[in-house]
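Inspection log for the structure reproduced underneath, given as C-alpha cells.
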Amino acid sequence: MEMTPKNRKHTFSNDIISNLDAVGIATLIKSKEISAEEVAAACVARAKAINPSINAIVTDNFEASKGLAKSQTSGFFQGVPTFIKDMTYVEGIPTYFGSKAFAKAKPSRKTDGIAKQIFAQGFVNLGTSSMPEFGFTCTTEFQHDEPTRNPWNLNHSTGGSSGGSAALVAAGVVPLAHTADGGGSTRIPASCCGLVGLKPQRGRLLFSELFRTQIVEIATDGVATRTVRDTAHFYAEAEKYHRNKRLPAIGLVEGPSTRKFKIGYTKHSVKHYKADELTSGVLEDTARLLAGLGHEVKEITMPVKDQFHEDFANLWSMSAYAVHKFGGIAIKNEFDKKGLSELTLGLSKRYTKTCCKRPFLFNGLETRTTTISAI
C-alpha cells in the first residue's frame, strides 16, 4: 500500500524535546536548559496523542512519572523518559506478559534486575509497552484486540515481540525503550520501525526473573533507539551499574573504528529461505560500503545446520507447553489458562504430540526438561 500522510503517524514537533535523542535530552537537562519535569510532561502529551492510533502502551505510569522525574537526580540519562516491555516486573505496575491469562494480575511488589539497571542510569518510567502473548510471535498482534501499529504506516506490522517499544520510539514518544530478544524480538521490530536494535552478548545485562528459567540461554534484554550513540551510551552506562567480569569491558564506543574486520554475510536463511530482491540489494550495497571502508567482506553460506529450524520450533512449543501447564506456578498465581490464545494452545499441543515423549537436540544439547522463556 502506498505511504500517505493518512496512514503515517508521529509525534515529533517543536515542543521542548523536538527530535532530540536520549543523549541530547540528557545533555540539556544536565545544563539546566530544560527540566526533567518538562521533558516528562512533553513525552506524556505525545503518548496520549498517538497511542489511540498505534496501541503500544499496556499500562501507563504517567502520574507517577511526574514525581519520578523530579526525584531523579543522578545517572547519565537523568530525567529521560522510557517504557519497559510488558514482561518485566516493575514495582507498583502489573505485568501481563501480553496475555489475557494474566488479566487479573496485581501490581508487582518487586522490580526486576534489568529494570533496576535501566533506572540506575536515570531513566524515568512512563509505563509498560505492548508485546504479543509471551513473545511467541514476531509481530505484535492479539487474538481479540487491535494490533500494535507501525507509526511509519499504520497498516504495517511493528514486528515483534518488542513491538510496543519500537512503535513508541519510532513515533517520537520516547527516544529509547526496553526490549528483549531470543529469536529476533529486539532486532525484528527495530528493522520494521527503522530503529537501532542491538541484541547484546548474553550476560552483558542483568537477567529479568523470567529469563532465569531458560533451559537454553537464548534470550536477553536490550533497548530500541533512534541513534547509534544512544545505544552505545546505554551499554556504557549499564556496565557501570553491573559488569560481567567474565566478559571484556565495552566502555563507550564512539567515533570511527581504526580496526579492520573480516565480515561474512549471507542472503539465505536456514532451510535455504532467500531474502527478497529489495532486501538483497540493500545487503549488497552495505557489503560494498564496508569493503570500501577497508574491511574484508565475503559472502558465505549459512553457518547453521537446517536442524536449527526444527530445534527452534521444538523449544518454542516446549515454552508454550510450560506456560499452559505450569504458568500459575512458574510465573505467578494470577494465571488463568482460559485466557490463553489459540496460538499458545496450539504450540502446547504440538509439544505433547511431537516432543514430550522423546528428547530433542538443541544445537547438540539433549533435553527433556520444560521451560518458560518469552522472547
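Gyration tensor over the Cα atoms of segment 5-74: the corresponding equivalent ellipsoid has semi-axes (square roots of 5 times the eigenvalues, largest first) of 23, 16, 8 Å.
Tell me which of Thr111, Phe97, Gly79 sits at the most positive position along the dipole axis of segment 73-131, charges placed on C-beta atoms (Lys, Arg +1; Asp, Glu -1). Value: Phe97. Considering only GluC sites (Glu not before Pro) in DSSP loops that have at most 13 other Cβ atoms within 10 Å, the longest stretch of the chain without any of them is 34-216. Our summary gives the chain a relative contact order of 16 percent, counting only alpha carbon pairs under 8 angstrom and 6 or more residues apart.
Kirkwood hydrodynamic radius of segment 206-301 from all distinct Cα pairs, in Å?
It works out to 16.9 Å.
Per residue, the chain reaches -10500 deg cm²/dmol at 222 nm when only DSSP H runs of four or more residues are counted, each adding -39500 (n - 2.57).
Checking the table Lys70/Lys240; Lys274/Lys298; Lys48/Lys100; Lys32/Lys106; Lys271/Lys298 against a 27 Å threshold on Cα-Cα, which pairs fail?
In this structure, Lys32/Lys106 lie more than 27 Å apart at Cα.
Over all projection directions, the Cα-based convex hull of the chain averages an area of 19.6 nm².
The HN-Hα couplings worked out from phi for segment 84-91 by the Karplus form 6.51 cos²θ - 1.76 cosθ + 1.60 (θ = phi - 60°) are 10, 4, 6, 8, 10, 6, 10, 3 Hz, whole numbers, x standing for Gly and Pro. Net charge in the neighbourhood of Thr227 (other residues with Cβ under 14 Å of its Cβ; Lys, Arg +1, Asp, Glu -1) is -1.
Here the simple spin-label model places points 7 Å from the Cα toward Cβ, and for Ser74 and Thr286 these points are separated by 3.9 nm.
Sorted ascending by nearby beta carbons within 10 Å, beginning with the fewest, Phe211, Phe134, Phe76, Phe12 become Phe12, Phe76, Phe211, Phe134. Ordering Ala171, Leu315, Ala41 by the projection of their Cα atoms onto the charge dipole of the chain, which places +1 on the Cβ of Lys and Arg and -1 on the Cβ of Asp and Glu, puts Leu315 at the extreme positive end.
Rounded to the nearest Å, what's the spacing between the alpha carbon centres of segment 87-117 and segment 238-274? Just the number, please. Computed from Cα coordinates, the inter-centre distance equals 30 Å. Between Asp112, Asp276, Asp60, the GNM of the chain built on Cα springs shorter than 10 angstrom shows Asp276 fluctuating the most.
Give the residue list of trypsin sites (Lys or Arg not before Pro) in segment 29-90 that are DSSP loop and have at most 14 other beta-carbon atoms within 10 angstrom.
Numbers: sites: Lys30, Lys32, Arg46, Lys48, Lys66, Lys70, Lys85; in loops: Lys32.
When the trypsin sites (Lys or Arg not before Pro) of segment 29-90 are filtered for loop state and at most 14 Cβ neighbours within 10 Å, Lys32 remain.
Applying both filters, DSSP loop and at most 14 other Cβ atoms within 10 Å, to the trypsin sites (Lys or Arg not before Pro) of segment 177-253 gives Arg243, Lys245, Arg246.
Length available on full extension from Thr352 to Thr301: 0.36 nm per residue minus the Cα-Cα distance, which gives 14.9 nm. Exposure proxy ranking for Ile57, Ile300, based on other Cβ atoms within 10 angstrom of each Cβ and starting from the fewest, stands as Ile300, Ile57. The alpha-carbon atoms of segment 122-255, seen along their principal axes, cover 45, 37, 24 angstrom, with the largest extent given first. Among Thr128, Thr286, the ranking by other beta carbons within 10 Å of each residue's beta carbon, starting with the fewest, stands as Thr286, Thr128.
No lab work stands behind these numbers, since they all come straight from the coordinates. Here the structure is a predicted model, which means the values were calculated and not measured. Here the Cβ is made from the backbone with ideal geometry for all residues, glycine too, and neighbour counts use every protein chain on show.
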